[in-house]
1. Let me have the 222 nm mean residue ellipticity of the chain computed from DSSP H runs of 4+ only, each contributing -39500 (n - 2.57), with the sum over all residues rounded to the nearest 500.
2. Which of the chymotrypsin sites (Phe, Trp or Tyr not before Pro) across region 22-63 are loop residues per DSSP, with 15 or fewer other Cβ within 10 Å?
3. Using only the Cα atoms of region 3-163, each taken as one equal point scatterer with no solvent, compute I(q) by the Debye sum, divide by I(0), and report log10 of the ratio at q = 0.08, 0.14, 0.18, 0.19 Å⁻¹.
4. Using Cα atoms only, what is the angle between the long axis of helix 137-163 and the major principal axis of the chain, expressed in degrees (0 to 90) to the nearest 10?
5. Measure nothing fancy, just the Cα-based angle from helix 3-21's long axis to the longest principal axis of the chain, in degrees from 0 to 90, nearest 10.
6. Tell me the label-point distance for the pair PHE112, PHE67, using the 7 Å Cα-to-Cβ offset, in nm and rounded to one decimal.
Amino acid sequence: MNREGLTVGVNFVVLWLLQIFVCNAVYLGIYLNVQIYLMFILFLPANYSKSLVLLLSALMGFCIDLFSGELGLHMAACTLIAYLRPYLLKRISTSDELEIPPVNRIHFGQYFVYTGILVFLHHLLLFSLETFSSGDVFFIVIRTLFSVVLNVILIGLVRIVVTI
């Protein structure tokens, strides 16, 4: 196994355990959900094939579902953002080569768009499937927006601390 594969494997396990044992145990109210495991999908190497990203993302979602009692919800939301990820990367990349936008002053706009859109879509699908009622659209939208703001900030802070 190469170094990059080992790093991805370690990231998978660490973020999965962090989500299950820390983030799922922290209750910040009905409107705020910490989903730190999304970092795994968001920051997979850009050179990975679409099918590998889909497979790894579905596996992460499945593992989260196993320990959260919501079989299929996280897996569906993770698969959605894994599917849309390469298209968004193409749209925000400034060069011909796909790259994950770093969190810094120069690329903050790209980072914010990339992370914000994918986290928003993940949460919107996750909370819609969880609620499964069209009568609660306002609740779903508010819950999605609050959780997106929290997670984009948290993911950015973790990304800054880890890369330093």
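Where a number appears in this text, it was derived from the coordinates with a stated rule and is not lab data. A quick note: this is a predicted structure, and the numbers were derived from the prediction, not measured. Because the Cβ atoms are built from the backbone with ideal geometry, glycine has one as well, and the counts that use them run over all protein chains shown.
1. Computed ellipticity for the chain at 222 nm equals -23500 deg cm²/dmol.
2. Those satisfying the criteria are TYR27, TYR31.
3. Debye curve over Cα of region 3-163, log10 I(q)/I(0) at q = 0.08, 0.14, 0.18, 0.19 Å⁻¹: -0.22, -0.69, -1.17, -1.31.
4. 30
5. Relative to the chain, helix 3-21 is tipped by roughly 20 degrees.
6. 3.3
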